[in-house]
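Computed from the coordinates by the stated procedures, all read-outs in this text should not be read as laboratory data. Owing to the predicted nature of the structure, the values given are computational and were not obtained by experimental measurement. Positions of Cβ are generated from backbone atoms using ideal geometry, with glycine treated the same way; all protein chains shown enter the neighbour counts.
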Amino acid sequence: MTDTLKVTTAGDREIIISRSFDASQELVWDAMSRPELLRRWMAGPPGWELTTCEEDQRVLGYRGLAC
């Protein structure tokens, strides 16, 4: 499997981004749920820094990211 990215819209106020990775579910979950790993790949182009990376994994929790 190769990595694939798909972006679609579901109305005026919703964007759906889906991506398939050639990696185990555990590795992808860790990369998406551990702030220290999330910072490594969500920071953006060279020179950007992810200054805020917070997450609450409870039901109705939140994810806060800021560059």
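Only the Cβ atoms of Lys and Arg (+1) and of Asp and Glu (-1) were treated as charged; on that basis the dipole of region 1-53 about its Cα centre amounts to roughly 80 debye.
Multiplying the residue separation of ASP22 and LEU5 by 0.36 nm and subtracting their alpha-carbon distance yields 4.9 nm.
One quarter of the surface of the convex hull around the alpha-carbon atoms of region 4-66 equals 5.7 nm², the direction-averaged projected area.
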